[in-house]
Structure formats: C-alpha cells, structure tokens
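Engineer: Just dropping this structure here.
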Amino acid sequence: MEIDKLVRRAQRGDKEALLQLVFARKDEYYRLAYSYLRHEEDAMDALEDMIVILYEKINKLKKRASFYSWSKTILVNQCHVTLRKRNKVTVVENTPESFLNKEGDTAIYKLDVKTHLERLNHDQKEAIQLRYWLDYDYETIAQITKVPLGTVKSRISTGLKKLKELLGGEYL
C-alpha cells in the first residue's frame, strides 16, 4: 500500500515522503486543529509543530498503517498544549443565535451552543466536538483521545443528556 511505502521512506529520513503523507490529508488536519483552537494562525502553528514531531518520532511508529491516527493524536496533543498556553478552551464560535421553535408555542428559544457546551466537562466537550463537528466515528475518537471506546461512548452520551437538560429537555 502507498501509505506503508511512504511511511517506510519517512522512517529512513526522507522528508519528502513525510510531507507527502501530511499533505495528502492537509485539509483534514487543518479542520481538526481549527476545531480545537478556533484561530487560523494557532491551527497552522499546531500543524507545523505536528510535522516536526512526526519527523523526530516517526521511527517509533510500529504499525505503519496507523500513521494517520497516530499523527492526529499528536496534532490533538499540540492543540492541547496551545490551549493550555492560552489558558482557555474555545469550542464553538459564530453559531446561529436562535433557531429552535417549540411546536404550538410562539416562544422562540435562544440556543447558544457555545454557552451550553462550556457547561460540560472538558472530556465531554471534546468527544462531542470530534463526533458532531468533525464527524469522526467512535473508534477514531478513542484513538485520538487515547481512551477506551466505551469511555468515548459514555462521554458523548452523558454530555448529550446534559445538553438536552440545559436546552429544554423533551423539545429536542
């Protein structure tokens, strides 16, 4: 497989092979970093840091076919480093202000997703963001966050239940 060959070349010190691997999914990497950091410059910095770390540690990768999940884990870790430096977490910005009508009632409910997500714990926010904003499957989220599959499912389930309560329960 092409990925296997490129990883093997990268492990031998071929920078071009590593860049080919990264650029093949550059949009995916950027979306992942941007979803965490919400700033273009920070996302690009995290990508650059990821590439440096990949180059330095590619020899430690045992399963060549796992390159992309391994590299996304490194990227997420770099995003966490940036967020810690910033000392804040931003999940969602510029969401629609209001869009939920309760059937049979003229009241329009304001739905500020960011505000409600901030009330969840970090792990729940992260899992929900990866699942519903980036459309990752549970297995990929487990690999990126380095937790068991059941933990990912639990975090998403618990977070969604709490969001449902915060947003009005049965009307969702």
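Rule-based calculations on the coordinates, nothing more; no lab input. Just so we're clear, the structure is a prediction, and the values are computed from it rather than from any experiment. No Cβ is skipped: glycine too gets one built from the backbone with ideal geometry, and neighbour counts run over all protein chains shown.
Engineer: Please give, to one decimal in nm, the separation of the simple spin-label points placed at R25 and S69, each 7 Å out from Cα toward the Cβ.
Structural biologist: If labels sit at R25 and S69, their model points lie 1.0 nm apart.
Engineer: Moving to a separate point now. How much length would be gained if the chain were fully extended between K85 and D135, taking 0.36 nm per residue of separation minus their Cα-Cα distance, in nm to one decimal? Working shown, then result.
Structural biologist: Numbers: separation 50, 0.36 × 50 = 18.00 nm, distance 2.70 nm.
Gain on stretching K85 to D135: 15.3 nm.
Engineer: Let me ask another. In what order do F23, F67 fall by count of nearby beta-carbon atoms within 10 Å, going from fewest to most?
Structural biologist: Values: F23 11, F67 21.
With the sparsest Cβ surroundings first, the list reads F23, F67.
Engineer: Run the numbers for K164 and N59: contour at 0.36 nm per residue of separation, minus the present Cα-Cα distance, in nm. Mind dumping the intermediate values first?
Structural biologist: Working: separation 105, 0.36 × 105 = 37.80 nm, distance 4.51 nm.
Gain in length upon complete extension: 33.3 nm.
Engineer: Something else: Using the structure shown, select from K15/K125; K72/K164; K15/K57; K125/K153; K72/K161; K15/K60 the pairs with a Cα to Cα distance greater than 24 angstrom. Display every interim value, and only then the final one.
Structural biologist: Details: K15/K125 35 Å; K72/K164 30 Å; K15/K57 13 Å; K125/K153 13 Å; K72/K161 28 Å; K15/K60 16 Å.
Pairs exceeding 24 Å: K15/K125; K72/K164; K72/K161.
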